[in-house]
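See below for the structure under consideration.
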């Protein structure tokens, strides 16, 4: 397994936070969680979840705040790097500072980088966020875990 950052990329108010929160929920349902460190929990989350996959411990950092200047983007990613997260799931905008920081951190720390986007609709957005979260879990399992 190669260390990987998966960035859910989109404009503001497109379901990134809701999708990432739902990803956290389905991850915890799908895997045996033996540790979770919640650093922030409100509308946005920052947490590290440790799961067991094929008998191996895997550390997953999850961050839903992707707005520029909302928090030092570099610092939150470096927190996950310092914690030795194997996988980082985070939100970011479509261009600019957050995208640049994620590219830089991935490059400097030899993380594979995958950009993906939320599903957006003016009808039944919650169902689309749940579907997108399931697809993020599938991406982790098929691409990162190579299942």
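No lab work stands behind these numbers, since they all come straight from the coordinates. Owing to the predicted nature of the structure, the values given are computational and were not obtained by experimental measurement. Because the Cβ atoms are built from the backbone with ideal geometry, glycine has one as well, and the counts that use them run over all protein chains shown.
Seen from a random direction on average, the alpha-carbon convex hull of the stretch 95-147 projects onto 4.7 square nanometres. If one computes the Cα centroid of the stretch 21-39 and of the stretch 96-147, what distance in Å separates the two points? Here the answer is 16 Å between Cα centres.
If R₀ is 22 angstrom, what is the calculated FRET efficiency for the pair residue 28 and residue 121, using the beta carbon separation as r and rounding to 0.05? Could the numbers behind the result be given before it?
On the way: r = 26 Å, r/R0 = 1.19.
About 0.25, to the nearest 0.05.
In a fully extended conformation the segment linking residue 145 and residue 97 would gain 14.4 nm over its present Cα-Cα distance, using 0.36 nm per residue.
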